[in-house]
Amino acid sequence: MHARYTWRTLSRETMLILLALLFLVPLVGLLNVSLKPQDSQTSALALEFPPTLDNYAQAWTQADLGAALVNSFAITAVSVVLIIAFSALAAYPLARVTRGWSRYAFYFVIGGLLIPGQLALLPLYATMRDLGLLGSLWSVILINVGQQMPFSVFLYTMFLRELPLDYEEAALLDGCGPVRSFVTVVFPLLRPVTGTVVILNAVGIWNEFFTPLLYLGGSDNTTSPVAIYGFVSQYVSQWPLIFAGLVISVIPILVVYFALQKHIIKGFAGGLKG
Amino acid sequence: MALPHATTTPPAVREPTAQAPPGPTGKTRRGAGVRAPWWFVIPALAVYLFIVVVPSANGALSSFTDWNGLRPVWSFVGLDNYAAVFSDRTARDALVNTLLLAAAATVAQNLVGLLLALGVNSVVRSRYVLRVIFFAPVVLTPLVAGYVWSFLLSPSGAVNDALRTVGLGALAHDWLGDPDTALYAIVAEIVWQFSGYSMVIYLAGLQAIPAEVLEAATIDGAGAWSKFRRVVLPLLNGAVVINVMLCLIGGLKQFDQVMAMTGGGPGTATETISTAIYKSAFLLGDFPFSIALAVVMTVVIAVLAAVQFRLTQRKTS
């Protein structure tokens, strides 16, 4: 890593930059086409003057993206908060208690990592239908929380096992009960892994298509990907209009990504060190 | 902003345990007095049982019945649903397509991800910007990325334009409309979208390799290639295992991009297990068939995970 900058580094850098430009082509094309008039015949990367925002106005109202984005946001926020609360709580005894039941419970929960959601799909769908939860955001939230338990509990437990007991012992000497000790002492110490859990789950849930399609598709309560799916099938190959809708739907996640890229990349890399 | 490779390492204790309760050995001291109430597991366990365990068990059991999701009445039909799955053209095509897609995406995404990681781990000046760009597609909604690519790959799309511009017009093609290329066009999208994820994991692995090890190899006269083969690659084993596992499982569950790019067509050329499960249950209303297919998928994933586990264990031991 202390090598000098040579002509070989320069050629390598040039190749990487060209590759990065290639990586950006789909994103630039997406933005460019969304700014063209709807009858445009020019190539995806050809600039057209003057750019128009008409597609955005039309896509916003036709696809009802405002309401869909609010739903996506609500589902993501509530799911992530519940995932954090449930998995951090559960990981505490799973990591600290060394008796048999604790180990078996841990394996029982992380065993879920190997079960694809498709296996539970239809019985779960029937249950949600019988409970009258089809079309309700709560169905999607509950499913997100349940499906994310194995991975999140796993991350928290592995982290807690490495965390020294000294802080908790100090809290105990200060007269803290286990609940207060967890909330005021242990949970704040879990911040690095909480960051990872928040990032991985928030990105995954925001982008998720399959579960909301099943439970919210056709209702008035859709999420952004489901709204986009309906919008695209309605306006087949009217690309400038469709692309404006796509841009609106990905702006929130891209803005968050470029603002927090350091933390997000770190979260993705960190979650997998397990 | 170096990418930390051990982001989930707990904070170190600053002061030694001067005031810790006395205990004869470290072993008994650990946990002495600190109580973690068992009932903390209840919320997680309850939602996990309700969403994952009970319906999965129900799914596995009802694959041997004619339960159609509506009537509470059902009867055992033995292996009939499985016989139906394996004698169905679409389901067989979906199985083969899914395995091909998962294998191709795993190989290509890991190669590209590793090359990108090696590239941005060097002294190039733009390495931080490059990382952010290569990783950006990872956070993009897969459905949306699929639509963008279906436009780029259309007969008059950017890919064909580019081929014509550089004089390779003969290769221009309806990539998603041709049954021979459609599946691999989807693989190309997956590789574009998720190579950055593999890159980040490989990068964490590369940065964990101590500089002394590489210097020692250089002193011993190892060239760039043999240094990579004999020193770097073995030390990246952990990253390879994680990446291959993630790619395989993601590929085997593939749904979003297929729905966006081809909807499973043309014909059944890009039908995957997930799209077939969705269609048989929610478009055709054939619950027993769909559930049996889901059990087959679970078995495929479990078997491949076990095989990978065995292979990597042999490698490390």
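A short reminder: the numbers here are calculations on the coordinates, not readings from a lab. Treat the numbers as computed from the prediction; the structure is a model and nothing was measured. Cβ sites come from the backbone with ideal geometry, for glycine too, and all protein chains shown count toward neighbours.
What the table shows:
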item	result
Rg/Rh (Cα only; Kirkwood hydrodynamic radius) as it applies to segment A:143-205	1.06
5 angstrom amide H check on B:Thr65, placed H, neighbours 5+ away	B:Val77
Cα extents of segment A:1-133 along the three principal axes, largest first (Å)	67, 57, 26
Tail fraction, Cα-Cα pairs, segment B:39-99, threshold 20 Å, whole percent	51
Listed residues B:Thr268, B:Thr106, B:Thr165, most fluctuating in chain B (Gaussian network, C-alpha, under 10 Å)	B:Thr165
Most mobile listed residue (B:Tyr197, B:Tyr128, B:Tyr184) in chain B, GNM with C-alpha springs under 10 Å	B:Tyr128
Most mobile listed residue (B:Ile301, B:Ile201, B:Ile133) in chain B, GNM with C-alpha springs under 10 Å	B:Ile133
Leading residue at positive end of dipole, segment B:82-316 (Cβ point charges), from B:Val96, B:Phe134, B:Gly264	B:Phe134
Distance cut-off 35 Å, percentage of C-alpha pairs in the protein assembly as shown lying past it	44
With eigenvalues of the C-alpha gyration tensor scaled by 5 and rooted, chain A, Å	41, 29, 16
Compactness of segment B:105-157 as Cα Rg over 2.2 N^0.38 Å, two decimals	1.40
Gain upon complete extension [B:Leu284, B:Phe309; 0.36 nm per residue less C-alpha separation]	5.3 nm
Residue-averaged beta-carbon neighbours from other chains (10 angstrom radius) around A:21-32	5
Segment B:253-317 - Kirkwood radius from inverse mean 1/r over Cα pairs (Å)	13.3
Peptide B:144-154, shielding by other chains (average Cβ, 10 Å cutoff)	6
Calculated log₁₀ intensity ratio I(q)/I(0) where the Debye formula runs over C-alpha points of segment A:7-52, q = 0.16, 0.17, 0.33 Å⁻¹	-0.54, -0.57, -1.12
Kirkwood-Stokes translational diffusion coefficient of segment B:82-316, alpha-carbon pairs, 37 °C, 0.692 mPa s, µm²/s	167
Aspartates and glutamates whose Cα lies under 17 Å from that of B:Lys253, excluding same-chain neighbours fewer than 8 positions away	A:Glu208, B:Asp93, B:Glu189, B:Glu271
Per-residue [θ]222 nm for the protein assembly as shown (sum of -39500 (n - 2.57) over DSSP H runs n ≥ 4, rounded to 500)	-21500 deg cm²/dmol
Rounded tilt (10° steps) of A:224-234 against the dominant C-alpha axis of chain A	30
Selected from A:Leu82, A:Ala95, A:Leu133, residue furthest toward positive end of dipole (segment A:58-271; charges at beta carbon)	A:Ala95
Furthest towards positive pole of dipole, B:Phe40, B:Val166, A:Pro116, structure part the protein assembly as shown, Cβ charges	B:Phe40
Calculated over segment B:195-304: convex hull of Cα atoms, volume per residue (Å³)	127
Number of partner chain Cβ atoms within 10 Å, mean per residue of B:177-188	0
Share of pairwise Cα separations in segment A:96-150, more than 17 Å, in percent	49
